[in-house]
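The values are calculated or read from the model by the stated rules, or taken from the named source; none is laboratory data. Nothing here was measured: the structure is a model prediction, and the numbers come from that model. Don't worry about glycine lacking a Cβ; one is built from the backbone with ideal geometry, like all the others, and counts go over all protein chains shown. Quick note on the areas: whole protein, heavy atoms, side chains included, nothing else; ligands and nucleic acids left out. Shrake-Rupley method; radii C 1.70, N 1.55, O 1.52, S 1.80 Å.
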Amino acid sequence: MTKRNMAHVVRAPEEVVIYFTLPIMFVLVFGYVFGSGMALPGGGSYREFLLPGVFAMTMLYGLGATATGVAFDVGRGVVDRFRSMPMARSALVAGRSAADLIRAVLEMSTLVVCGLLVGWQWRNGIGDALAAVGLILLLRFAITWVGIYLGLVVPNPDTVGVIVFPAAFPLTALSNVFVAPELMPDWLGAVSEWNPLSSTVAASRELFGNPGFGGDSWAAQHSLLLAVGWPLVLLAIFVPLSIRRYQKLSR
């Protein structure tokens, strides 16, 4: 199942290009056009502040590809064909999650190279940098299962595509991807700090040694803990839901 899903990526590389276009545009617009006019608490390069957020944001928007791909399989009857084969009932969704994780590794590698080309760098050594990448990929793995569940519940690629963006955009807007929570109104800053996306971004900034991490709240002081905890909570909820939903479709 993993090989099958990766073959679809190879046969449709334009999809990968499309998913890279948005984060690259954000880097160029916010990093070069608006970056000179944006201040950070404590100072530092805005581009170095921005890039970890773009890494995590790209993983979040991968939700659309996952949900659409699963909905497409369900809608065109692929599930019915696999149901007649001697295979585990969880194989289709597990293979999809593994393929999306491999794809996420390739996307992260490309984004890191792009970041280095525009002046971003990690400052705490390769070990901490790999740990930061691991946290971002953990978030992507958890989001993959959210996408799998959405694709199984709404087996229409057009419909699920409409649902994903309104769900993902508020998480990005109400996070620390573009603006530090300290610069927001108090209530909005609190929402931003407890955002699962913000936890991963803050923890990755700390591990990369980039500016923008820190704060006085509990969430800001324990971003590493939350960066692991939030994805585990999502996995604990959506893995059983996805497998159960798939089993119901297979009956």
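Worth a mention:
- Stretchable slack from Asn156 to Arg244, in nm (0.36 nm times residue separation minus alpha-carbon distance): 29.8 nm
- Per residue, in Å², the accessible surface of segment 1-249 once ligands and nucleic acids are set aside, probe 1.4 Å: 46
- Comparing Cα centroids, segment 58-93 and segment 159-177 end up 22 angstrom apart.
- Pairwise FRET efficiency - Glu14 versus Phe165, Cβ, R0 = 25 Å, nearest 0.05: 0.85
- Candidate residues Asp128, Asp100, Asp186, Asp80: accessible-area rank, largest first, probe 1.4 Å: Asp186, Asp80, Asp128, Asp100
- Whole-number D in µm² s⁻¹ for the chain, Kirkwood Cα-pair radius fed into Stokes-Einstein, 25 °C, 0.890 mPa s: 131
- Only protein atoms count toward the accessible area here, which uses a 1.4 Å probe; on the chain, the carbon and sulfur part of that area reaches 68 percent.
- Here the dipole of segment 1-249 is about 1140 debye; that uses its Cα centre as origin and unit charges on the Cβ of Lys and Arg (positive) and Asp and Glu (negative).
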